[in-house]
Every structure is written in C-alpha cells, then in structure tokens.
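Trainee: The structure follows.
The values are calculated or read from the model by the stated rules, or taken from the named source; none is laboratory data. If you're wondering where the values come from, they're calculated on a predicted model, not measured in any experiment. A quick note on method: Cβ atoms are made from the backbone with ideal geometry, for glycine too, and the neighbour counts reach across all protein chains shown. All accessible areas refer to the heavy atoms of the entire protein, side chains included, with ligands and DNA or RNA removed. Shrake-Rupley method; radii C 1.70, N 1.55, O 1.52, S 1.80 Å.
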Amino acid sequence: MVLAVVGAALLVAAGVVAAFTLGGSGARPPGHGAAAAIGAVSSSGPVTATPAASASSPASSPAPRPAASHHDPLGSPAASYVSTRNGVVTAAVYDLRTGQTWQLGRGQPQDEASVVKLDVLETLLAERGRSGTGLSSGDRSLAGQMIEDSDNDAATSLWDEVGGASGIRSFNTSAGLADTVPSSCVDCPGFPWPGWGLTTTTPADQLTLLRTLVEPNSLLTSAERSYALSLMENVTPDQRWGVTGGVPAQVTVALKNGWLPLNSANDNWQINSVGWISGSGRDYLIAVLSTGDPTEQYGIDTIDQLAAMVWNAMA
C-alpha cells in the first residue's frame, strides 16, 4: 500500500481517498551506477526562474567546479510552460558538473507524502553508521519495502526506529536542510494516514538530501550511499515517472515520487518528484513539487514535461 497524505491545512476538511506511491533513486559513490502551503493554491499563478549560487551543505565536500558554466534549464521556456498549468509548481536543479543551482518558483514548503521516505532512509543509515552496528537483516528488509515499493507500514516502523521527528530533525540539521519540518505526529487527529507524510519541504532541501547521496560527505559512507541508491534505482516500474520525463532508457535515473488527493472530490492533487539523472553528457539533480493539480495524471504530465525540458536544456 502506498501513502496518501494531505496538507496540514486540510487535515479535517479533506477526505483522502485512493492509494498512491512514490519512488526514488540517485547517487554516484565509487563504482556505483552509470555514469504555497497546501490548500492555498492558485489556479494558474505565474512563476519565475531564479538562478542561485550553489552552496555546499555542512556535510558535503565541494564538488569540482569546471570553468565553463551552464545556461539556466529553468529559465524563460520552463517558466512560461509552468505558467500555463493549473496549480503551483516549484522546482530546483543542481548541476553536478559545474556546481550551479537554479530555482523555479518561490512557493511555501509543501507536504512530502512518501518522498519523506528518502529522509527516513538517510537518517537510518547515518544513525546505524554512528553506532557502528550497521543495518540488521530486518532493517534491510524494511528499507527495501519502504523505498522500492513505498510501503507505508515499513516506513512507520523505520520512522519510529530513527526516533521519529526528533531523529529526522537532527539528521536534517547535520545535512544542512533549512526549510524541512518533520511532522510532529504519526497518528494525527482527524487524519487517516501515517502523519509522517505531513512533513513539509522545499525543492532546495530535496537537492540537499540528494547531494548527501551523490557526493562524498561526513554523514554517509560510500557503501551506505551505494546501498541507498541500489534501492532507489530499483523502484517498482509504475513509480518511475516525473523526473524521468524525456530521459532515454540507457541513462541512470534515481528517483522518489509522491502523489496524493487533497480533497474527497479528487480534483485537487499534489504531485512530487525528485531524483538524480546521469548519462549522455548530463549529471544533475532535480526536485519538483506541484500542488493544486485537478487530477493525478494532470500533475504527472506537468512534471513529465518540465523534466523533459530540463533534460534537453542540460545537454
């Protein structure tokens, strides 16, 4: 079963229906792989693309910086496309070759849904690494179910194991996340789904989490990063949409997705996709959060098209 989660502002009013899932994957340790608050949604609000200087998180070693810079993949064409779509879309891209970061939109943090499972996995690996115990066979089984299948029960078990919101918050502080707020409840009053999905985040913070997997750092070893990526690159096939848009089959794609209805009428959806794309002369991280989509497929189509535009622009 896959998590359905709703924005905190709709906990009482929204009747959440359907099951939904999220996939994830991405990183490159040595030898691994090839190379607006929810509910306050505008119907078609324009957004602007804003390039920003890349800053390494406290846990990350700076990546090599080639002299040549890249043009903005979230520039005018992407902004123009997003402005024609219903809902609110925010996105960010990080070029691992140049160290440049670009952003699209400046909305409020949005609910993560099962995208938070990536945070749970990284927190688990970091905690086990500090203790020197490593993952037990039970941990590995739960982690596989949580990431590859987006299983909610497995995620709840591991959320509890890492210390819930306090454990996630501690790891996020060490990793350099600035705007991610872990949910304070798992059994939330008036909310029928695991409350950890109400954790809120931004595309920029999702890039920071992904960088902790794809770049050497003090929080996760190469072996831990390779393990996480091996799970995330093997999510169930029907979850491999979103940041895969326009990407050829031979290119490495590591992703985590999320989709959820925000009301009982199923005409207000949040759709998220984050991941790592590497191959055919590209090597970048991308995170897209979208809310206010009239249908699930509409939101998926929006991210698919935006991701395809980014893929082409990153050539």
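Trainee: Here are some conditions: (1) under 18 Å from residue 260 (Cβ atoms); (2) open to solvent by 50 Å² or more (accessible area, probe 1.4 Å). Residue 119 meets all but one. Which one does it not meet?
Mentor: All conditions are met except number (2).
Trainee: Given 166, 114, which one is at pLDDT 95 or above and farther than 30 Å from residue 315 by Cβ?
Mentor: So the residue among 166, 114 that is at pLDDT 95 or above and farther than 30 Å from residue 315 by Cβ is 166.
Trainee: For residues that are aliphatic (A, V, I, L, M) and surrounded by fewer than 20 Cβ atoms within 10 Å (Cβ to Cβ), tally how many sit in region 159-185.
Mentor: Qualifying residue count for the region: 3.
Trainee: Among residues belonging to region 189-229 that are modelled with pLDDT under 95 and part of a loop (DSSP other than H, G, I, E, B), point out the one that is most open to solvent (accessible area, probe 1.4 Å).
Mentor: Once the filter is applied, the top-ranked residue is 189.
Trainee: Answer with yes or no whether residue 260 is aliphatic (A, V, I, L, M), part of a strand (DSSP E or B) and closer than 16 Å to residue 311 by Cβ.
Mentor: Values: aliphatic (A, V, I, L, M): yes; part of a strand (DSSP E or B): yes; closer than 16 Å to residue 311 by Cβ: no.
For residue 260, the condition - aliphatic (A, V, I, L, M), part of a strand (DSSP E or B) and closer than 16 Å to residue 311 by Cβ - is not met.
Trainee: Identify, from the list 141, 131, 150, 137, the residue that is closer than 26 Å to residue 271 by Cβ and not aliphatic (A, V, I, L, M).
Mentor: Numbers: 141 fails: closer than 26 Å to residue 271 by Cβ; 131 fails: closer than 26 Å to residue 271 by Cβ; 137 fails: closer than 26 Å to residue 271 by Cβ.
Testing whether each residue is closer than 26 Å to residue 271 by Cβ and not aliphatic (A, V, I, L, M) leaves just 150.
Trainee: Quick test of your reading of the structure: residue 267 fulfils all but one of (1) open to solvent by 10 Å² or more (accessible area, probe 1.4 Å); (2) under 20 Å from residue 117 (Cα atoms); (3) not in a helix (DSSP H, G or I); (4) not hydrophobic (A, V, I, L, M, F, W, C). Name the failing condition by number.
Mentor: (2)
Trainee: Further question: From the set of residues in region 121-137 that are touching a helix residue (DSSP H, G or I) at 6+ places or on another chain (Cβ under 6 Å) and not in a helix (DSSP H, G or I), which is nearest to residue 233 (Cα to Cα)?
Mentor: Of everything passing the filter in region 121-137, 135 is nearest to residue 233 (Cα to Cα).
Trainee: Going through region 89-111 one residue at a time, which ones are open to solvent by 20 Å² or more (accessible area, probe 1.4 Å) and farther than 20 Å from residue 312 by Cα?
Mentor: Listed by number, the residues that qualify are 106, 107, 108, 109.
Trainee: Only one of 230, 218, 264, 222 is of a type in the set (S, T, N, Q) and within 21 Å of residue 111 (Cα to Cα). Can you tell me which? So that I can check it myself, show each step before the final result.
Mentor: Numbers: 230 fails: within 21 Å of residue 111 (Cα to Cα); 218 fails: within 21 Å of residue 111 (Cα to Cα); 222 fails: within 21 Å of residue 111 (Cα to Cα).
The match here is 264.
Per-residue answers, yes or no, for (1) on the phi < 0 side of the Ramachandran plot; (2) buried (at least 24 other Cβ atoms within 10 Å of the Cβ):
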residue	(1), (2)
271	yes, yes
280	no, no
291	yes, yes
311	yes, no
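Trainee: Still on this model: Kindly indicate whether any position in region 235-256 is within 14 Å of residue 118 (Cα to Cα), open to solvent by less than 10 Å² (accessible area, probe 1.4 Å) and touching a Phe, Trp or Tyr at 6+ places or on another chain (Cβ under 8 Å).
Mentor: yes
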